[in-house]
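Undergrad: Input: one structure, supplied below.
The values are calculated or read from the model by the stated rules, or taken from the named source; none is laboratory data. As the structure is a computational prediction, the values presented were derived from the model and not from experiment. All Cβ positions, even for glycine, are placed from backbone atoms using ideal geometry, and neighbour counts span all protein chains on display. These area figures cover heavy atoms from the full protein model, side chains too; ligands, DNA and RNA do not enter into them. Shrake-Rupley method; radii C 1.70, N 1.55, O 1.52, S 1.80 Å.
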Amino acid sequence: MARKNQKAPWEPEEEIIIVSKSEMKRDMDELQKLGEELVELKPSVLAKFPISEDLLEAIKDAQRFKNEARRRQLQYIGKVMRQEDPEPIQAALDKLRNKHSQNTAVLHKLETLRDRVIAEGDSAIDEVVELYPAADRQRLRQLARTALKEKQNNKPPKAFREIFQVLKQLNDEAIASSL
């Protein structure tokens with residue numbers, strides 16, 4: 001006597017993937033943490049993210065809430081995130097973090113260049129003019145001399161800061177002209 005629920009031998013067997021309860025909880029926690037990162041973003045940045053209207057509304061609500069209400073809203077965001085594809089959201093967050101890291105690296109580079117302009121004088125100024133043709137050589141020399149005098153006389157580093165602002169402005173103009 002044959003059983004009714006048996007599959008025919010020629011039909012392919014379906015692969016059954018068993019996911020443990022702990023693994024499901026870890027996945028949900030990761031989604032909730034991703035949602036928490038989204039809540040910390042400014043609305044202008046958040047508008048550029050590939051998220052649904054429901055999730056966007058839940059995030060806006062969480063940004064308004066405090067304490068226990070916020071905690072519950074974050075859990076709700078985690079629940080809504082289960083319906084979303086987290087990969088494009090994670091990619092956009094990674095891109096945002098990388099942009100921040102790149103900006104920080106550029107600022108460090110400019111700080112180093114400023115320090116060299118003050119310490120080395122004309123040779124570093126020549127390098128700045130080579131990098132940024134719009135640079136005013138005479139102004140940079142004057143600021144470098146003033147910065148050295150301020151340092152020797154223990155005065156506030158006004159020229160020191162101004163050199164950085166000039167370099168930053170030159171860098172921003174160079175980036176804008178390349179676009």
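Undergrad: So if I check each of Lys151, Lys60, which one is assigned to a helix (DSSP H, G or I), within 16 Å of Glu40 (Cα to Cα), open to solvent by 100 Å² or more (accessible area, probe 1.4 Å) and among the basic types (Lys, Arg)?
TA: Details: Lys151 fails: within 16 Å of Glu40 (Cα to Cα).
That would be Lys60, the only listed residue that is assigned to a helix (DSSP H, G or I), within 16 Å of Glu40 (Cα to Cα), open to solvent by 100 Å² or more (accessible area, probe 1.4 Å) and among the basic types (Lys, Arg).
Undergrad: Next question. Of all residues being in a helix (DSSP H, G or I), charged (D, E, K, R) and over 15 Å from the mean Cα position of the chain (by Cα) in segment 71-97, which is surrounded by the most Cβ atoms within 10 Å (Cβ to Cβ)? Just the residue, please.
TA: The qualifying residue surrounded by the most Cβ atoms within 10 Å (Cβ to Cβ) is Lys79.
Undergrad: Taking Leu38 as the residue in question, decide whether it is assigned to a helix (DSSP H, G or I) and within 14 Å of Gln90 (Cα to Cα).
TA: In short, yes.
Undergrad: Right, something else. Within segment 80-97, work out how many residues are without any contact (Cβ under 8 Å) to a residue 12 or more places away in the chain and over 14 Å from Pro50 (Cβ atoms).
TA: 1
The rows are residues; the columns are (1) under 30 Å from Lys48 (Cα atoms); (2) modelled with pLDDT under 90; (3) outside the structural domain of Ile51 (by the TED database); (4) surrounded by fewer than 17 Cβ atoms within 10 Å (Cβ to Cβ).
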residue: Lys99; (1), (2), (3), (4): yes, yes, yes, yes
residue: Gly121; (1), (2), (3), (4): no, yes, yes, yes
residue: Glu127; (1), (2), (3), (4): no, yes, yes, yes
residue: Leu131; (1), (2), (3), (4): no, yes, yes, yes
residue: Leu140; (1), (2), (3), (4): no, yes, yes, no
residue: Lys155; (1), (2), (3), (4): no, yes, yes, yes
residue: Leu167; (1), (2), (3), (4): no, yes, yes, no
